[in-house]
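Chemist: Before I ask anything, here is the structure I am working with.
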Amino acid sequence: MNVKCSQCSNVFPVPEIYKDKQIKCVACKEPCAAVPYTEVCHYCGNSIAKPEKACKLDSKFACHDCFRKISSQREQARAKQNKAKIINASPKCHLCHEVMEPKTVTSGSAAGWVLGILTLVIGLSLTFGGAFCGGFLFGVPLCIFSFFIMGGKDSKVLCCRGCGATVNRTD
């Protein structure tokens, strides 16, 4: 149990066997009664034997239930602040001043696919079409080359939520 000195207001632990007896304060060495000391919860008003400090700045005490509620509320407030910091740290669009989101865009067109497939067909016909003109010698590299023509390029961009404008980003 905790006891509060009547002389110096020091709070210190004392074994239960000294309850309601005269003891000496550990700080000022003056006699005081070993009466169990309880704090009052600053938030609900209930008396508490083992108080928890709810605030480091002003030393307000709270019971266990109030302390959990306060801690939960503070965590939610911190999460909102962190989310706001992330949104505020995001770049803004130069046209409409909305937040821009990072995205990956693949560039490539239908013309690239058509040209790639056409090159693949020519390469396959040269490879399996016959021995004239060194078909296998030219056909296989042409087939491999056709796959490079069809592929697009991935670009990292920032895309505006409002107007859809894109800007290349560097990561």
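Chemist: Return the distance in nm (one decimal) between the two label points of a simple spin-label model at ILE17 and THR106, each offset 7 Å from Cα along Cα→Cβ.
Modeler: Each label point is offset 7 Å from its Cα along the Cβ direction, giving 8.0 nm.
Chemist: While we're on this one: Distance cut-off 31 Å, Cα to Cα: go down the list LYS24/LYS69; LYS21/LYS60; LYS83/LYS156 and report the pairs above it.
Modeler: Flagged as over cut-off: LYS24/LYS69.
Values in this text are rule-based calculations from the coordinates and carry no lab data. Remember, predicted model here, so these are calculated numbers, not experimental data. In this analysis, Cβ positions are derived from the backbone assuming ideal geometry, glycine residues included, and neighbour counts consider all displayed protein chains.
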